[in-house]
Amino acid sequence: MVSYRSEVVSICRALFRARRHQYPHYNLREYTKRRTLDGFRMNKKLTDQSKVNEAYAEAKAQLVVLERSVKLYSLYPPKTKNIMEF
Amino acid sequence: MASKVISSTIRRTLSKPHGVVFRRHHLSTAAAAATDYEDESIMMKGVRISGRPLYLDMQATTPIDPRVFDAMNDSGINEYGNPHSRTHLYGWEAENAVEVARIQVAKLIGASPKEIIFMSGATEANNTAVKGVMHFYKDTKKHVITTQTEHKCVLDSCRHLQQEGFEVTYLPVKTDGLVDLEMLREAIRPDTGLVSIMAVNNEIGVVQPMEEIGQICKEHNVPFHTDAAQAIGKIPVDVKKWNIGLMSMSAHKIYGPKGVGALFVRRRPRIRLEPLMNGGGQERGLRSGTAATQQILGFGAACDLAMKEMEYDEKWIKGLQERLLNGIREKLDGVVVNGSMESRYSGNLNLSFAYVEGESLLMGLKEVAVSSGSACTSASLEPSYVLRALGVDEDMAHTSIRFGIGRFTTKEEIDKAVELTVKQVVKLREMSPLYEMVKEGIDIKNIQWSQH
């Protein structure tokens, strides 16, 4: 039985700490934080190995999309702060 | 060593979370403060706001989801061929991409990919459906049934048909916004060619009883068209269960790009229509013209995402709607929700505030991007026709505000919206002599105003 615990924990930590995973845009930044946390929580209780593999593969694919997307969105940051960021 | 320091400082400045502001240290502090303020705030149409307002107008349009944007980029850059070119790789690649998107859209609504026609948006789809079906059957069918709360494009198409000689019945709605099924049953005649009722209303957010309406249309063998632009990806939509013949869809309401939509045209039993766009016969002859590959891909990706995220988003948005309504109701009285509370899509909240003047309320809510049903947002002086169809009084219709909650809305934004709305309404009510009279117990409707 393959355990992904250490990898999952490291991905989780990287997702929340790394600047390259954070959008300059307020709404997208908050959504990404909430969705990743909830995504990990929802899959925490999976026991069926094939489902666990599926979830892990999906998470890795989403990570690639996220990094590429954040890189692109950071090239076009908003010119003024959002009211919520004051 | 120095170059490393310089490059790290540049990297740090450029990766700031908000817009880059370079402070000019050589100016005096007062002048520096003035320039900084001018740099950071926004001045538009004579109004100064300190930052970008919080966005609560999801029924008007939604921001593109970054995952959808990402799906559009690779294909948009590399697969630039015309999907209708049959002779080379570029055409084949583009055609594959469009077919993948077609399957994604079809899966969301429970249809077959052959029944989806891509268009430039829900307005074009509505026009094609209403005018196309009636023109095709113009020898035998002369009657169209629709409701008074439909979208402007459907109502305008029906008016156009009336000028051509067709007859249109505009069904009234009950005070909660729902269609009366008995009235619909009675209105159907042997020469009725189309029934057009939207699934989720864009102004008040009520969900019509689609299954029952579909059943009635099936009994009488009348094609059922619905404008589902606000419904797909938000409530579960099944064209078989609802017995739908034609359905209009729009991409920019479900976190997709603007400029693309689709029309579902049932094949079994076959619905025939006359195309609006004539040309090379693309899209089964119903919509000629080169397919906008990049936009269509975005639409497909948005539908795919919406199918996966529907449950999660619904739970989040419902929680936010309750937070908004309870937050406002705790601090204010005289708040009315327009439209049925039970049969409603949770992301749309249309509130009317009693004893408050509509335009001044909107002028004070510049830091929240909301929409309203009052005169100042429409070209004429009349309040919204949807609210009038619900039987809402003129003064309540003028103070209506539509809050649109979506996938990207946060709890803090809702709290801030509640705070700003309550502050503005309280301020206006304090100034209002009508409210004073109501507080003393005088019934406003029974006052005999004296003429001066």
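The values are calculated or read from the model by the stated rules, or taken from the named source; none is laboratory data. Keep in mind it's a predicted model, so treat the numbers as computed, not measured. Backbone-built Cβ (ideal geometry, glycine too); neighbour counts: all protein chains shown.
Is it the case that the stretch B:81-88 has a residue that's closer than 16 Å to residue B:251 by Cα and buried (at least 21 other Cβ atoms within 10 Å of the Cβ)? No, every residue in the stretch B:81-88 fails to be closer than 16 Å to residue B:251 by Cα and buried (at least 21 other Cβ atoms within 10 Å of the Cβ). When B:263, B:286, B:246, B:181 are checked against the criterion of being aliphatic (A, V, I, L, M) and farther than 30 Å from residue B:308 by Cβ, B:181 stands alone in meeting it.
Of the residues making up the stretch A:44-80, those that are within 15 Å of the chain's Cα centre (by Cα), among the charged types (D, E, K, R) and within 9 Å of chain B (Cβ to nearest Cβ) number 1. Against the test of being over 30 Å from residue B:302 (Cβ atoms), over 20 Å from the mean Cα position of the chain (by Cα) and in a loop (DSSP other than H, G, I, E, B), the options B:139, B:176 yield a single qualifying residue, B:139. Anything in the stretch B:299-356 that is assigned to a helix (DSSP H, G or I) and aliphatic (A, V, I, L, M)? List them, or say none. If the condition is that a residue be assigned to a helix (DSSP H, G or I) and aliphatic (A, V, I, L, M), then B:301, B:302, B:305, B:306, B:307, B:310, B:317, B:320, B:324, B:325, B:328 are the ones that fit. Tell me, please, whether a residue that is at pLDDT below 85 and closer than 21 Å to residue B:407 by Cα can be found in the stretch A:18-41. Yes, the conditions are met somewhere in the stretch A:18-41. For the stretch B:142-173, the set of residues classified as of a type in the set (S, T, N, Q) and part of a helix (DSSP H, G or I) consists of B:157, B:162, B:163, listed by residue number. Before we move on, is residue A:66 closer than 18 Å to residue A:23 by Cβ and touching a residue at least 24 places away in the same chain (Cβ under 8 Å)? Considered against the rule, which asks whether it is closer than 18 Å to residue A:23 by Cβ and touching a residue at least 24 places away in the same chain (Cβ under 8 Å), residue A:66 comes out as yes. When the criteria are applied in full, residue A:8 meets the requirement of being crowded, with 16+ Cβ neighbours inside 10 Å, at pLDDT below 85 and either within 8 Å of chain B (Cβ to nearest Cβ) or more than 30 Å from residue B:415 (Cα to Cα) (or both).
Scanning the stretch B:283-325 for residues that are crowded, with 18+ Cβ neighbours inside 10 Å and either on the phi > 0 side of the Ramachandran plot or in contact with a His (Cβ under 6 Å, 6 or more places away or on another chain) (or both) gives a single hit, B:283. Only one of the numbered conditions (1) at pLDDT below 90; (2) closer than 30 Å to residue B:315 by Cα; (3) among the polar types (S, T, N, Q) is violated by residue B:410, and that is (1).
Within the stretch B:393-426, being buried (at least 24 other Cβ atoms within 10 Å of the Cβ), assigned to a loop (DSSP other than H, G, I, E, B) and out of contact with any helix residue (DSSP H, G or I) (no Cβ under 9 Å at 6 or more places or on another chain) holds for no residue. Taking chain A and the helices (runs of 4 or more DSSP H) fully enclosed by it, the elements with 1 or more residues that are touching a Pro at 6+ places or on another chain (Cβ under 8 Å) are at A:26-42, A:49-74. Among the residues making up the stretch B:44-90, those that are within 14 Å of chain A (Cβ to nearest Cβ), out of contact with any Asp or Glu (no Cβ under 8 Å at 6 or more places or on another chain), part of a loop (DSSP other than H, G, I, E, B) and among the aliphatic types (A, V, I, L, M) are B:58, B:64.
In the stretch A:24-43, the qualifying residues are those that are charged (D, E, K, R) and free of Cβ contacts under 8 Å to residues at least 12 places away in the same chain, and the one that is nearest to the other protein chains (Cβ to nearest Cβ) is A:30. Condition (residue is more than 23 Å from residue B:76 (Cβ to Cβ) and acidic (Asp, Glu)) applied to the stretch B:259-275: is it met by at least one residue? Yes, some residue in the stretch B:259-275 is more than 23 Å from residue B:76 (Cβ to Cβ) and acidic (Asp, Glu).
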